[in-house]
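Peer 1: What follows is a structure written as structure tokens; I'll ask about it next.
The values are calculated or read from the model by the stated rules, or taken from the named source; none is laboratory data. Because the structure is predicted, anything quoted here is derived from the model rather than measured. Here Cβ is always computed from backbone atoms with ideal geometry, including for glycine, and neighbour counts include all displayed protein chains. Surface accessibility is based on the protein's heavy atoms, side chains included, excluding ligands, DNA and RNA. Shrake-Rupley method; radii C 1.70, N 1.55, O 1.52, S 1.80 Å.
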Amino acid sequence: MTAATKRLFIKTYGCQMNVYDSERMKDVLAPLGYTSIDTADDADLVLLNTCHIREKATEKVFSELGQLKRLKQASGGKMLLGVTGCVAQAEGEEIMRRQPAVDLVLGPQAYHKLPELIARVHRAANERLETDFEVEEKFDALPSDRQVDGPSAFLSVQEGCDKFCSFCVVPYTRGAEFSRSVDAIVAEARALIRKGVREINLLGQNVNAYHGTAPSLEGGDDWTLAQLIRHLAKIDGLDRIRFTTSHPRDMDDDLIAAFGDTEKLMPYLHLPVQAGSDSILKAMNRGHTAQHYVDIIERLRVVRPDMAVTSDFIVGFPGERDEDFEDTMRIVETIDYAAAYSFKYSRRPGTPAADMFAQVPEEVKDERLQRLQALIRDQQTRFNQSQIGKTLPVLVTGTGRNDGQMAGRTPYLQATHFDGTEDLIGQIVDVTMTNATLNSVGGQLARSSEPAL
Ligand code: 5AD
Ligand code: SF4
């Protein structure tokens, strides 16, 4: 993606520290396409990096802002105006109140938030941000193994993210949260079901922040994800509902309750926690503690004791000490995951974490990742083994690897194989589990829960 070039003018007052900070701000803004210029005249963004040390500093800033306001008007309002530095710190509210032309105010401790603030200003004006971020599939794309044929399908209900986790590019590249209307989703779900789909996986970068327009017949406020799920559950022919990916902050009571009272909602939840240490979670800007996450899972298991939980983890986030990593190991032990993805932290220029000082050495990240993955593999294997002897309803999705073998998914999303015939594809059949590995469970057809036609 090539960003349109934007012009940045920073006027620096005061001490060497401010000069240094101005340079850092330029670096932080470069990935958003900003190049530095020497005059405010044609700038797209003007920052006054202020100093409080001399008397009347505030008044000077206001008189400067008065002139800049005229430039902003001449630009048709396009020019963004920001005040940073010590005056911003001391008089932030006063500045916003007295000079409405100012778009952002930022104290010296918060420069890493510049990209977020600028993204928010653009969003408020409904403008899309073009950035220079390299978009890596792994982090940014919706799952690529979209199954358009077969009995299981993805249905996109929400896009974008407003969370601004400090390591993540998505809020910049994908833009603000947007939810599709319930009517549009129901229409798409019905079309999928007509094509033979029986399981729908509701997709969104932040799917449980869903807040879509209520059905035209019902009117009223936007609906939550739980309301949407309960509504979809009434559609005949739709047997299984899943959703991904969720954020702990948006796990509301009703959504938790839905796992207990909505039979079609499968007992499986991908709920990334990223780390188990509160100080790392804070630096990640996740907005919740480890205990809050553990409480959510406990409440889910009260309403649905067999709940399978999965997560994403990042090891080696800047500043992660040994004891922080041990907290991550501990939360994994506490939750006992059915599966999890884990990544080494990778710097994404332009995100706040990329500029944090205490980057963790690569070999430390490697070591931590190996330990974490060994623990997760162990839990995943045990979870699969715990199904041996049980008879589970399996949605048959296709043929298996070996001749005469069929493949499907348990309610817990485990890949399953068993001997059977192709006419079972699209059916939900009972399979008694006889063996398990790290990545799958295997069994024998108990009895077809729906006799083949
Ligand atoms: N470094 C490492 N992992 C990342 N993720 C997102 N951004 C980064 C990054 N900069 C991981 C998170 C997220 C998953 C989709 O990718 O764990 O949940
Ligand atoms: Fe990225 Fe997910 Fe955080 Fe949004 S909630 S910023 S998509 S990691």
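Peer 1: In the list Leu281, Leu369, which residue meets the criterion of being at pLDDT 95 or above, outside any loop (DSSP other than H, G, I, E, B) and closer than 27 Å to Gln385 by Cα?
Peer 2: Sole residue among the options that is at pLDDT 95 or above, outside any loop (DSSP other than H, G, I, E, B) and closer than 27 Å to Gln385 by Cα: Leu369.
Peer 1: Does Leu32 count as hydrophobic (A, V, I, L, M, F, W, C), out of contact with any strand residue (DSSP E or B) (no Cβ under 6 Å at 6 or more places or on another chain) and surrounded by fewer than 20 Cβ atoms within 10 Å (Cβ to Cβ)?
Peer 2: Criteria not met by Leu32.
Peer 1: How many residues are touching a strand residue (DSSP E or B) at 6+ places or on another chain (Cβ under 8 Å) and under 18 Å from Tyr412 (Cβ atoms) if we restrict to segment 236-278?
Peer 2: The number of residues fulfilling the criteria is 20.
Peer 1: Among the strands (runs of 3 or more DSSP E) lying completely within segment 390-431, list those that include at least 2 residues that are in contact with a His (Cβ under 6 Å, 6 or more places away or on another chain), surrounded by fewer than 23 Cβ atoms within 10 Å (Cβ to Cβ) and modelled with pLDDT of 95 or more.
Peer 2: By residue number, 405-409.
Peer 1: Quick one: Arg299 ticks every box in (1) at pLDDT 95 or above; (2) within 16 Å of ligand 2 (Cβ to nearest atom) bar one, so which box is it?
Peer 2: Of (1) at pLDDT 95 or above; (2) within 16 Å of ligand 2 (Cβ to nearest atom), only one is false for Arg299: (2).
Peer 1: So, one more: Filter segment 87-108 down to the residues that are farther than 21 Å from Ser22 by Cα and assigned to a loop (DSSP other than H, G, I, E, B) and list them by number.
Peer 2: Residues satisfying the conditions are Gln99, Pro100, Ala101.
Peer 1: State whether the residues of segment 296-318 include one that is within 12 Å of ligand 1 (Cβ to nearest atom), surrounded by 15 or more Cβ atoms within 10 Å (Cβ to Cβ) and among the basic types (Lys, Arg).
Peer 2: Checking segment 296-318: not a single residue is within 12 Å of ligand 1 (Cβ to nearest atom), surrounded by 15 or more Cβ atoms within 10 Å (Cβ to Cβ) and among the basic types (Lys, Arg).
Peer 1: If you don't mind, there's one more thing I want to ask. Give me the residue from segment 147-174 that is in a loop (DSSP other than H, G, I, E, B), open to solvent by less than 10 Å² (accessible area, probe 1.4 Å) and more than 15 Å from ligand 1 (Cβ to nearest atom) and, out of that set, farthest from Ile280 (Cα to Cα).
Peer 2: Restricting to residues being in a loop (DSSP other than H, G, I, E, B), open to solvent by less than 10 Å² (accessible area, probe 1.4 Å) and more than 15 Å from ligand 1 (Cβ to nearest atom), the top hit is Pro151.
Peer 1: Continuing with the same structure: I'm checking my understanding of the structure. Among residues of segment 188-197 that are open to solvent by less than 40 Å² (accessible area, probe 1.4 Å) and not in a loop (DSSP other than H, G, I, E, B), which one is farthest from Ala119 (Cα to Cα)?
Peer 2: Within segment 188-197, the match that is farthest from Ala119 (Cα to Cα) is Ile193.
Peer 1: Additional query: With Ile229, Ile185, Ile241 as the choices, which residue is without any contact (Cβ under 8 Å) to a residue 40 or more places away in the chain, in contact with a helix residue (DSSP H, G or I) (Cβ under 8 Å, 6 or more places away or on another chain) and buried (at least 21 other Cβ atoms within 10 Å of the Cβ)?
Peer 2: Ile229
Peer 1: Condition first: under 30 Å from Gly426 (Cβ atoms), within 16 Å of ligand 1 (Cβ to nearest atom) and not in a loop (DSSP other than H, G, I, E, B). Now tell me which residues in segment 208-251 satisfy that.
Peer 2: Across segment 208-251, the qualifying residues are Asn208, Phe243, Thr244.
Peer 1: Would a scan of segment 49-72 turn up a residue that is within 30 Å of the chain's Cα centre (by Cα) and open to solvent by 10 Å² or more (accessible area, probe 1.4 Å)?
Peer 2: no
Peer 1: Only one of Asp336, Asp322, Asp366, Asp378 is surrounded by fewer than 20 Cβ atoms within 10 Å (Cβ to Cβ) and touching a helix residue (DSSP H, G or I) at 6+ places or on another chain (Cβ under 8 Å). Can you tell me which?
Peer 2: None of the others qualify; the one that does is Asp336.
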